[in-house]
Amino acid sequence: MVGRNVSQHFIVRRGMASMEPTLKEAFAAKIPVWQDEIKSIKKQYGDKVLGTCTVEQAYGGMRSVKSMVYETSLLDPVEGIRFRGLTIPECQERLPKAKGGDEPLPEALLWLLMTGEVPTDAQVQGLIADMNQRAPLPDWIEKTILDFPKDLHPMTQFSMAILACQKESQFAAAYQKGVKKTEYWGYCFEDMLTCIARLPRIAALIYRNVFFDGKVLPMENASDMSENFCKMLGYNDPQFIELMRLYLTIHSDHEGGNVSAHTCHLVGSALSDPYLSLSASMNGLAGPLHGLANQEVLRFIKDFKADMGGKPATPEAVKEQCWKVLNSGRVIPGYGHAVLRKTDPRFTCQAEFAKKHIKDDELVKLVQTIYEVAPGVLTEHGKTKNPWPNVDAHSGVLLVHYGMKEESFYTVMFGVGRAIGVLPMLTISRALGFSLERPKSLTTESIKKTMEVMYPHGHT
Ligand code: CMX
């Protein structure tokens, strides 16, 4: 948890240049503390029940079944996400920022997720410098991305490019050489940081190649990840760069059970390296019920505007559009959540960013009107357990405002952020020796037989 003092564990220092520990050193110091904690919990409570799984839950996507440990964040159905105990507003307040900026640096969040500690400015600057050194892509990967067919979905390209980077996995190479289990995490850490550092360039190459001329500016070593990312995408507006810092931070982690986080965790549990695990995770994020919803939200908004033919977007017109979508058997994208039961704070902080910087934007106003109307429509529709907006309901219109209109790219943006959450947890899993995931599955026949034995006279 935030604030735990483990400075006495810092053994390795980085020469005379800096007395600050690197992220790897700070993380290494935490490992024995966390290992002891888990050992003691298992010893004391190992045979105690954490939760149950009903027949309904087994058929219903295991909703709320407590059967997985995920350290970096925890989601409360009402309050929303906490990253290592900190809410989004607390992260905005407490995490180091870029010079002159208001939003947290995603690199600072990465440090927080890895260690449970809020880093100092100097620690974050050290991490940024380390990541910038790792960021350049091998020529053959740049060329591979530029050779992808332009009509291959950007998310498919993203997943394939991450997979291509697997050639350089230090974890996979070390495993082949027979490295000890206690040393897995160090190689996983190297892959994690290199992979995260390279994603902005991979994403920018895809964006510039699919929608423009395929040319991407070189990275600047003095800049942070978000600034470099924006500039490589072709955007220089400092406000967009600030938005990017917020965007990558809030899209990073959402506890362990969501499809992208769980996929990364599951695939990694087979000791598949971070590149294999993240590529798989991105394939889950690419689903319309998960990360692709940000693309679908913008399509919903575009369809609505086309149907309106220039007429004003009144609440009545928005209501009609919502019913049109529902009556056609589709979902209202950006609304609903498997865990949340209130407005997602990731939606709220984007709305606040919009209010502060671009409150007169026409599409921002439309998103607000949808927010006024859609929860009522969904409640009347009567199916969803949560009629409130999630993170995807807002992100697209912010990107459009600053010029990024190509909605099929939006899930790639989500993916760059999500890696900052799921790869640290993957590294923590290796450091703490988490096991191969292998839950028990049942057949309908076996469930029937078990129930008939347990409840021979039926169950009332
Ligand atoms: N519009 C219409 N119907 C919806 C709905 C929505 N936004 N959200 C849920 N429902 C429906 C479900 O499809 C389900 O219908 P069936 O009983 O016919 O299957 C019913 O309501 C109950 O679903 P639920 O228990 O409330 O929600 P789930 O946990 O099953 O699903 C989610 C959660 C997010 C997939 C769902 O709310 C949804 O499809 N939302 C729209 C897509 C979306 O925004 N996804 C992004 C989520 C955030 C992210 O991961 O990026």
Solvent-accessible heavy-atom area per residue, rounded to whole Å², over the chain at 1.4 Å: 48 Å²
Links that overshoot a 24 Å alpha carbon limit, given the list LYS42/LYS181; LYS167/LYS405; LYS43/LYS448; LYS30/LYS99; LYS150/LYS231; LYS97/LYS302: LYS167/LYS405; LYS43/LYS448; LYS30/LYS99; LYS97/LYS302
Over the chain: helical MRE at 222 nm, DSSP H runs n ≥ 4 each giving -39500 (n - 2.57), nearest 500: -18500 deg cm²/dmol
Loop-located trypsin sites (Lys or Arg not before Pro) in the stretch 379-460 whose Cβ has at most 16 other Cβ within 10 Å (DSSP): LYS383, LYS385, LYS405, LYS440
Sequence-distant aspartates and glutamates (8 or more away, or on other chains) whose Cα lies within less than 19 Å of LYS305: GLU296, GLU316, GLU320, ASP360, ASP361, GLU362, GLU372, ASP392, GLU406, GLU407
Sequence-separation-based contact order of the chain, relative, with Cα cut under 8 Å and 6+ spacing, percent: 20 percent
Prolate/oblate/rounded label for the stretch 329-378 (Cα gyration tensor, a/c 1.5): oblate
Shape category assigned to the stretch 259-341 from the gyration tensor of Cα positions, a/c cut at 1.5: prolate
Spin-label pair ASP361/ALA173, simplified geometry with 7 Å Cα→Cβ offset, distance in nm: 4.3 nm
FRET efficiency, 1/(1 + (r/R0)^6) with R0 41 Å, evaluated for SER328 and LEU74 via beta carbons: 0.65
Evaluated over the stretch 401-456, the Cα radius of gyration and Dmax, each in Å: 21.8, 65
Karplus (6.51, -1.76, 1.60) ³J(HN,Hα), θ = phi - 60°, over the stretch 381-387, in Hz, Gly and Pro reported as x: 4, x, 9, 5, 6, 9, x
Trypsin sites (Lys or Arg not before Pro) within the stretch 158-208, DSSP loop, no more than 13 other Cβ atoms inside 10 Å: LYS177, LYS180
Portion, in percent, of the accessible area of the chain that falls on carbon or sulfur, probe 1.4 Å: 56 percent
Cα→Cβ-extended label distance, 7 Å offset, between LEU152 and LYS181, nm: 3.8 nm
Stretch gain in nm, segment GLU25-LEU432, where the contour uses 0.36 nm per residue and the Cα spacing is subtracted: 144.9 nm
Loop-located GluC sites (Glu not before Pro) in the stretch 48-80, at most 16 other Cβ atoms within 10 Å (DSSP): GLU79
Note, ³J(HN,Hα) from phi for the stretch 413-425, Karplus 6.51, -1.76, 1.60, rounded to Hz, x at Gly and Pro: 4, 4, x, 4, x, 4, 4, 5, x, 6, 6, x, 5
Gyration tensor verdict on the stretch 346-460 (Cα atoms; rounded if a/c is under 1.5, prolate if a/b is larger than b/c, oblate otherwise): oblate
Using a Förster distance of 35 Å, the FRET efficiency for SER64-THR144 (Cβ separation, nearest 0.05): 0.25
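The values are calculated or read from the model by the stated rules, or taken from the named source; none is laboratory data. Since this is a predicted model, take the numbers as computed values, not measurements. Neighbour counts run over all protein chains shown; Cβ positions are idealised from the backbone, glycine included. With ligands, DNA and RNA removed, areas are computed over all heavy atoms of the protein, side chains included. Shrake-Rupley method; radii C 1.70, N 1.55, O 1.52, S 1.80 Å.
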